[in-house]
Amino acid sequence: MAFIIKPLITEKMTKITDKFPNRFGFIVRPDANKLQIKKEVEDMYQVTVVDVNTCRYAGKRMSRYTRAGLVKGQKNAFKKAIVTLKEGETIDFYSNI
């Protein structure tokens, strides 16, 4: 079962990876636990995972004014996992482009 949805490549996550070269972020399914995330990262990228930190984000209500009037909606809720790898190991997200 695929628990990892996509790797997290944002400006904030890039700063964390620059400061700690063995930490990488992923967007995961909300029902995934740390052991499942660890196993899937190890299987997918052939690395050794030392630690997994997770954080749940709630969906935020948003509205904007357009020519057609007020448009209301909601951003999606998601779960983020920050994975710490063994010292000296790394993941290259751009290798298959």
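Looking at region 24-47 only, could you name the residues that are closer than 24 Å to Asn76 by Cβ, open to solvent by 80 Å² or more (accessible area, probe 1.4 Å) and either under 12 Å from the mean Cα position of the chain (by Cα) or not basic (Lys, Arg) (or both)? Once the filter is applied, which keeps residues that are closer than 24 Å to Asn76 by Cβ, open to solvent by 80 Å² or more (accessible area, probe 1.4 Å) and either under 12 Å from the mean Cα position of the chain (by Cα) or not basic (Lys, Arg) (or both), region 24-47 yields Asp31, Met44.
There is at least one residue in region 65-77 that is under 18 Å from the mean Cα position of the chain (by Cα) and within 18 Å of Ile9 (Cα to Cα). Of all residues assigned to region 28-51, none qualifies as being within 17 Å of Lys80 (Cα to Cα) and touching a residue at least 60 places away in the same chain (Cβ under 8 Å). Being among the charged types (D, E, K, R) and buried (at least 16 other Cβ atoms within 10 Å of the Cβ): is that true of Lys86 here? Spelling it out, it is not the case that Lys86 is among the charged types (D, E, K, R) and buried (at least 16 other Cβ atoms within 10 Å of the Cβ).
The values are calculated or read from the model by the stated rules, or taken from the named source; none is laboratory data. Please read these numbers as outputs of a predicted model, since none were measured by experiment. As a convention, Cβ positions derive from the backbone with ideal geometry for all residues, glycine included, and neighbour counts pool all protein chains shown. When the accessible area is computed, the model is the full protein with side chains, heavy atoms only, and any ligands, DNA or RNA have been set aside. Shrake-Rupley method; radii C 1.70, N 1.55, O 1.52, S 1.80 Å.
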